[in-house]
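Notes for the one structure printed next.
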Amino acid sequence: MNNVQGVGNFTLSTMHPLILGGTAISMKGYKLEDTFLDATPLMENSKIIALIDGTLTITNKVKAGTLKINCVRVDADYKKGDWVAWGNELLKLGDSIGSTIRGAYEFNGAQFGISFFTCCIKTLKPAILAGNDAPSYDIELTYADWDFV
């Protein structure tokens, strides 16, 4: 059986109450032949903890982590979907709320959606310049929770 992912059938949007009153912005600037979204859990989801009385307990609900978005500049205006401009605007505002980031895509004819909640900028380089290529920005955000939608 062959697996097929439709090229271009991907959207990623962000919403933050301090930017455009929380209106969703459709983000842009992903290279076709590159990983453009990578979500990594903060720590192991399931952990066995030995207690002093010899019993064991298991934790299994860690949903926080780091979200890496690899993108290129597409505009100087965050309202037009530029990740770097959007991130710089949040850094300027001093974000203490966090954003919601939603992704939707197709794979093997099925629709998928995922949301990341309470996302805050972890690292964002203010500028990258390159010669004969559009430089890639690796933006890292922390998220408190995620869910399939």
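The values are calculated or read from the model by the stated rules, or taken from the named source; none is laboratory data. This is a predicted model, so every value here is computed, not measured. Heads up, the Cβs are rebuilt from the backbone with ideal geometry, glycines too, and the neighbour counts pull from every protein chain shown.
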A careful count of residues in the range 121-146 that are in contact with a strand residue (DSSP E or B) (Cβ under 6 Å, 6 or more places away or on another chain) and touching a residue at least 40 places away in the same chain (Cβ under 8 Å) gives 13
How many residues does the range 42-62 contain that are within 20 Å of Asp145 (Cα to Cα), among the polar types (S, T, N, Q) and outside any loop (DSSP other than H, G, I, E, B)? 1
Do you know which of the residues in the range 79-102 that are within 24 Å of Glu33 (Cα to Cα) and not aliphatic (A, V, I, L, M) is farthest from the chain's Cα centre (by Cα)? Lys80
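Let's see how each residue does on (1) closer than 30 Å to Leu129 by Cβ; (2) over 12 Å from the mean Cα position of the chain (by Cα); (3) surrounded by 10 or more Cβ atoms within 10 Å (Cβ to Cβ); (4) in contact (Cβ under 8 Å) with a residue 12 or more places away in the chain:
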site	(1), (2), (3), (4)
Ser13	yes, no, yes, yes
Ala39	yes, no, yes, yes
Ser46	no, yes, no, yes
Ile49	no, yes, no, no
Ile58	no, yes, no, yes
Leu67	yes, no, yes, yes
Val74	yes, yes, yes, yes
Condition first: of a type in the set (Lys, Arg) and part of a strand (DSSP E or B). Can you find one or more residues in the range 124-141 that meet it? no
Within the range 86-100, does at least one residue satisfy the condition of being exposed (fewer than 13 other Cβ atoms within 10 Å of the Cβ) and farther than 26 Å from Gly21 by Cα? no
Based on what the data block shows, is Tyr105 crowded, with 17+ Cβ neighbours inside 10 Å, touching a helix residue (DSSP H, G or I) at 6+ places or on another chain (Cβ under 6 Å) and either over 15 Å from Ser13 (Cα atoms) or at pLDDT below 95 (or both)? no
